[in-house]
1. Please name whichever of A:58, A:34, A:23 sits farthest to the positive end of the charge dipole of segment A:14-66, dipole taken about the Cα centre and charges placed at Cβ: Lys and Arg +1, Asp and Glu -1.
2. Could you tally the net charge around residue B:146, taking each other residue with its Cβ under 11 Å from the Cβ of residue B:146, Lys/Arg +1 and Asp/Glu -1?
3. Net charge within 15 Å of residue B:268 by Cβ-Cβ distance, Lys/Arg positive one each and Asp/Glu negative one each, not counting residue B:268 itself?
4. Arranged from highest to lowest average of other beta-carbon atoms within 10 Å per residue, in what order do the peptides B:294-302, B:407-415 appear?
5. Share of antiparallel DSSP beta bridges in chain B, in percent to the nearest 5?
6. Checking the table A:49/B:59; A:17/B:108; B:77/B:108; B:59/B:128; A:17/B:115 against a 27 Å threshold on Cα-Cα, which pairs fail?
7. Would you mind pulling out the separation of the Cα centroids of segment B:1-79 and segment B:384-426, in Å?
8. Round to a whole angstrom and tell me the spacing of the C-alpha centers of segment B:342-364 and segment B:295-315.
Amino acid sequence: MSRRVEVDQQMCEGHGKCQAAAPEVFEHRDEDDLSHVILDEVPDALTAKVDRAIRLCPRQAIRWVS
Amino acid sequence: MSPISPEAAATLPHGINLLEGRLFQANEMHEAFRILRAEAPVHWNPGTDRFNGFWSLVKYEDLLHVSRHPELFISSKGIGGSGLRYPPPGQGEGSSSIITMDPPRHVKMRRLVNKGFTPRAVLQMEPKIRAVTNTILDRVQGRDSCDFVLEVSSQLPLAVICGMMGLEEEHWPAMFDFTNQILGSGDAEYQARVAPDKVGTFEGATLTAADGNRRMNGFFRDILADRRAHPREDDLVSILVESEVDGERLTEGDIVAFCNLLVVAGNETTRNAISGGLIVLCEHPEERARLQADPSLMPSAVEEILRWTSPLHHMSREATADTEIRGQKIAAGEKVIMWYPSANRDEDIFEAPYRFDITRDPNEHLAFGIGEHFCLGAGFARAEVRIMFEELLRRFPDIQVDGLPERLRSNFINGVKHLPVRLTAAR
Ligand code: HEM
Ligand code: SF4
């Protein structure tokens, strides 16, 4: 099973905690100074890392989409 | 402050009353919080005729839960400090700033300015922050001693936020004065403008905060008129003047409230992180020596200073529906208070929480809150504290606290009013 994850660009302020927690999934882009999801589907092996990113994001900008 | 009734006091765990500014002034709150975390993690702190009662939250996970449910736990009914009082100050004035605003309007207002506060914006400003820091330190260079708060720690945050707002230096001392009145209103030292017989009373505190707000808001109404007549490129006031939300320009009241928030929030917290940071470094000579030997530890030392000092003691919220926290029923309309110094020493989260460890890892403290209202100025605050200690310890490697800190009487701001320091090695 794999799942999709989303960054709410309204909330994100580029703190970069997500990229530090799960660099395979999140990428900070210079053009808008925001975080972008770079994997369409997150494999199970990365679920724990994404959960950690969700917990650490200061702006509560990341969520799973079912 | 009127004491709570004896019947109410009897319900308090170990008689701990978190409405007492004295507990915090004496720096005795950590022991109180340790007891509460172990024995009464969610307890009702009764109010008085002048203060609302509230549910007291002291566990890290509970602060996360409340901060992350901004619709269930709202900020618009008062967020703390004098907001514990009812009616909340500012009510009836018709304008509020983002810190007392709820979704969905909150994020729209925040987005008007948040590009100015991103990590990249902070990075661009670093050389300026370092230059200002050195100008401040130049003024005490060559002296043996100074009041670290008045002459050093308060000056950097003041310069940074006033600079971002485009305020000329001649106005900075007034900003310092107003913020002291607003957030230090309960402390007799800042009640100089009320009648002598009111000093030290509840009324003296209320009048002091109101006077500070009135003077600051009056000042910003004049600044606003000036920016409308003479628009400028990039200061925060001018950005707000040009901004629209839902197709409407901000009102004068909205802009003034926003400016008031930026000056107050930008000053009173960072100042105390710097003062508290110096105190804790002097109290832990081994950690300090480690830092001075290896300045690359500075970013992580700053996080530990923030965790340790938790410059803001609390924020409060009001529940919009009946709910539960840790099995305790909370009714709609009741207040909850999040105690940051307690969450930041929660044994379930931090290993050896009472150890000051400049290389602590992980260190996911909540000094800046989290979620919807996560501190807008966190990046600037971190940079200011880091750059100040880099320059301070480089230029004054022997600096020592030299006498007792005079602490603020407040359960809201972990404030230090005066801090005598010796700048040079003792002879
Ligand atoms: C060490 C220094 C600082 C600490 C500990 C601190 C702490 C906090 C905390 C805990 C909150 C969250 C309030 C809540 O959840 O209700 C907050 C909000 C805020 N802070 Fe800071 N702060 C600091 C420095 C600054 C600076 C330097 C600025 C401005 C330049 C600033 C501007 C703000 C603003 C505007 C908000 C409201 C954000 C919102 O409601 O969306 N703060 N701060
Ligand atoms: S941690 Fe949150 S706020 Fe920071 S870049 Fe990632 S999504 Fe954005």
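Each reported figure results from applying straightforward, stated rules to the coordinates on display, with no laboratory input. What you see is a predicted model; the values in this text were computed from it and never measured. Reconstructed Cβ throughout: ideal geometry from the backbone, glycine too, with neighbour counts over all protein chains shown.
1. Of the listed residues, the answer is A:58.
2. -1
3. Once positives and negatives cancel, what remains is 0.
4. B:407-415, B:294-302
5. Looking only at bridges with both residues in chain B, the antiparallel portion is about 90 percent.
6. Pairs exceeding 27 Å: B:59/B:128.
7. 29
8. Segment B:342-364 and segment B:295-315 have Cα centres separated by 11 Å.
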